[in-house]
Amino acid sequence: MDLSCTGTEKYKRGGNSEKISLHRPKKSVELEGVMMDTIDSGLENPSTVPISSCFTGILHDNSSSALLGEDLNDDAFQAEVAKKTQTHLLGLQEAEIEVIIDRLMKREGGKDQALLHIVTQSPTELKVLLFLNTLLHKGANPSTADTEWKTPLHHAVKRNFKGVCSKLLENDALPHVRDREGKMPFHIALENKNDSIAAMLLVSMPNLVVRTLYTSSGSMPSELKFHDLLDCDSNLSMEKTALGVLDCMMDYIGDSGNVRVYYHVLEADLKGHSPQHEDFDGSSKSCLQLISKNGLKTLVFHDVVRLLIRRKWKLYARFRFQLNCAVFLLTLFAMTFTAVVAVDTVDPAQYHGPLQIARAVFEVWWYVHAVITFILELNQMRKHKLDYWKDKFNWLDWLSSSLLITVAPLRFTNHTEQWAVFSIGYLLWTIRIFKYAAVSRQTGAYAQILWRIVGHDFLQFLSVFTVILVAFSGSFVLALRGENSLQLHSETSSFWEILLSGIRILIEAEPVTEYYGDRGYGALGCILMVIFLFTCCVVLLNILIAQLSDTYQHVQRDAQRGLELNRAWIIARVELNSIRIGKGFRVTHYLEREDIKNPQELLVKWETPPLNEMNKTILDLHDGLESHKLNLITIKNRMAKQEYILTRMQEQLDILVPLDKPTKPLPSKFTLQDPGDDEGDNKN
């Protein structure tokens, strides 16, 4: 691990960076995406809202008395509250909080111990937030530890108090302190499967610390596994945490604009060993392969993942993929040629003449290719077992190659079934062309649109059409039977014939028989036919067209992520399925880190012009969001200064007005008086 970049800063996803030093200077941290999800509070940021307006009446419940171990309604407590109200110019709510805090500090032995007691013993998050703000302003250490070395952040994470965690981190609580068991708050958040808190902690943790957690040390496995965050079988998604870990894989190098990108987390095996490690398990899937397998579009669009995809695509994946595509197209041409020639041949098992000899050569070519494909599929079944059947293209590869291999035995044994087998095998082999659609970004986008139409929109349309067709066929055949018109047209002579005619009407968008006139049906039959024609040709077809248009726009908006995912899938197949003697591509082309100049510009150049325009729009929106964030930070800083001034004024009032000296009650309404009036009062 390189430690030379001690001044590097956390790289934020989205192109623009918010600089956070690894040494974490004493300043407020902007926690991206954090909302204070306090129970029934309806507050988005409790730390910026006056306490008294949020927690009215919360102090006088039984939990507050239990927390303090005293009765809050006794005379001594109320007397202290009244004195605080008069001497510190506080409202009743703030005075009660001050008295409770003072008693807790006295009982626990200090403000740090009181802070730990509040975070661990308060029954609700609202109660913790009520006292936490006051204790922190009194100077309590947010990183103090108990006898088990657990900090308030440890306890807040364990109790899933997101708002408390945010408040502690804003006050510079150390997020990477370990307890006696060696656990950081981040470990506890992962155990609780709390994605929001884990992602929040990663924002405040130094990049080097996060990288160390996911990197093996010597022969020992890594402390944490990035693979666990990509587990789609779990019902609890850890997507925000995975993005946070990827953020920590990029560091700025000074002010040059160069970025150092670390790839080992995406390339490591299940134990965290990099491909260069002597104990590296080559059969273990990398995190990049899991991202492509599980279709995680949000993760695949992260800059670290995109840069790794770009690097591998240019080094070896593009050449291998284009070579396989060229061989497939040549085989498809040979198969088409032999099919056309064989159909016009009396005996396809005989090869006489130049044309038939050419057919024989092409048949040998595609037959050898089919046999090799079948052997490769068997090898993949052995390696991936049940996972093999989860890839839709593996079904096409296996079925098409199996059928094509059986054509030759059927042909030379004079079985006519060879034509049916060849027909289905040829069709499936041709459909495999969509497997190579990602050879360019344009064809990849069109393939996504077609697959979405066939797999989603068309199935929905067919389900609706089937219901209408069955209802029409049943009612129509009954109407014809009542009119004695079943034998009028052969196309409508039975229920099944009517079903077939209904399908033809949908495809041809016109009636298949003469349903009115001399050879037409009766009144009820004509009415049912008109209703069916109107429903299919006007309503359903127009709905399908509108649905396809909406699908096209949706896929175009998500095209970039889909294309990146296709490239990741191609790279995974090249790495997993290639037969190589010796080390595989992951080992021979492994690079732990890479220094890149202006990665955003580099990624933009790798895209097509339409996608560039989309990227510019997204970047403009992101710049606007960053501007608003800066304005919010400025407002927060100004409020913090005002709060500090008020605290200093309160301290000065404590010095000027002793607590044991009785004071004159304040008037109910504050009015400005002339100094001469005070002199007159003194004379009187």
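Summary of values
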item: In segment 493-530, residue farthest from V470 (Cα to Cα) [restricted to those that are in contact (Cβ under 8 Å) with a residue 40 or more places away in the chain and assigned to a helix (DSSP H, G or I)]; result: L524
item: Within segment 151-184, tally of residues that are over 16 Å from M238 (Cα atoms), assigned to a helix (DSSP H, G or I) and without any contact (Cβ under 8 Å) to a residue 60 or more places away in the chain; result: 9
item: Among the residues listed as R557, R593, the single one being at pLDDT below 80 and either more than 30 Å from G474 (Cα to Cα) or surrounded by 14 or more Cβ atoms within 10 Å (Cβ to Cβ) (or both); result: R557
item: Filter result for the condition that a residue is over 26 Å from D457 (Cβ atoms), in contact with a helix residue (DSSP H, G or I) (Cβ under 9 Å, 6 or more places away or on another chain) and loosely packed, with under 13 Cβ neighbours inside 10 Å, over A479, A523; result: A523
item: Segment 240-258, subset part of a strand (DSSP E or B) and out of contact with any Phe, Trp or Tyr (no Cβ under 6 Å at 6 or more places or on another chain), residue surrounded by the most Cβ atoms within 10 Å (Cβ to Cβ); result: D251
item: Odd one out for S463 among (1) crowded, with 18+ Cβ neighbours inside 10 Å; (2) of a type in the set (G, A, S); (3) modelled with pLDDT of 85 or more; result: (1)
item: Number of the condition not met by G582 [criteria: (1) surrounded by 10 or more Cβ atoms within 10 Å (Cβ to Cβ); (2) at pLDDT below 70; (3) on the phi > 0 side of the Ramachandran plot]; result: (1)
item: 2 or more residues out of contact with any Lys or Arg (no Cβ under 8 Å at 6 or more places or on another chain) and of a type in the set (A, V, I, L, M, F, W, C): qualifying helices (runs of 4 or more DSSP H) within segment 267-376; result: 287-294, 303-312, 318-343
item: Residue among D387, D457 that is of a type in the set (D, E, K, R), in the same structural domain as A509 (by TED's automatic domain parsing) and part of a helix (DSSP H, G or I); result: D457
item: Any chance L404 is modelled with pLDDT of 90 or more and of a type in the set (A, V, I, L, M); result: yes
item: Test: residue in segment 479-490 that is closer than 29 Å to S402 by Cα, of a type in the set (S, T, N, Q) and touching a residue at least 12 places away in the same chain (Cβ under 8 Å); result: no
item: Of all residues making up segment 93-135, the number that are on the phi > 0 side of the Ramachandran plot and buried (at least 19 other Cβ atoms within 10 Å of the Cβ); result: 0
item: Which numbered condition R107 fails, given (1) in contact (Cβ under 8 Å) with a residue 60 or more places away in the chain; (2) farther than 30 Å from F226 by Cβ; (3) in contact with a Gly (Cβ under 9 Å, 6 or more places away or on another chain); (4) of a type outside the set (V, I, T); result: (1)
item: Some residue of segment 84-92 being surrounded by 22 or more Cβ atoms within 10 Å (Cβ to Cβ), among the hydrophobic types (A, V, I, L, M, F, W, C) and not assigned by TED's automatic domain parsing to the domain that holds Y644; result: no
item: Among (1) surrounded by fewer than 23 Cβ atoms within 10 Å (Cβ to Cβ); (2) in contact with a helix residue (DSSP H, G or I) (Cβ under 6 Å, 6 or more places away or on another chain); (3) of a type in the set (G, A, S), the one test that A198 misses; result: (1)
item: Which listed residue is touching a residue at least 12 places away in the same chain (Cβ under 8 Å) and surrounded by 13 or more Cβ atoms within 10 Å (Cβ to Cβ), from L403, L410; result: L403
item: From S283, S274, S292, residue being under 13 Å from A572 (Cα atoms), surrounded by 15 or more Cβ atoms within 10 Å (Cβ to Cβ) and of a type outside the set (F, W, Y); result: S292
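Conditions (1) within 30 Å of E594 (Cβ to Cβ); (2) modelled with pLDDT of 90 or more; (3) in contact with a Phe, Trp or Tyr (Cβ under 9 Å, 6 or more places away or on another chain); (4) of a type in the set (G, A, S), marked per residue:
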{"site": "D303", "(1), (2), (3), (4)": "yes, no, yes, no"}
{"site": "A317", "(1), (2), (3), (4)": "yes, no, yes, yes"}
{"site": "V346", "(1), (2), (3), (4)": "no, no, no, no"}
{"site": "H352", "(1), (2), (3), (4)": "no, no, no, no"}
{"site": "I372", "(1), (2), (3), (4)": "no, yes, no, no"}
{"site": "E377", "(1), (2), (3), (4)": "no, no, yes, no"}
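The values are calculated or read from the model by the stated rules, or taken from the named source; none is laboratory data. Just so we're clear, the structure is a prediction, and the values are computed from it rather than from any experiment. No Cβ is skipped: glycine too gets one built from the backbone with ideal geometry, and neighbour counts run over all protein chains shown.
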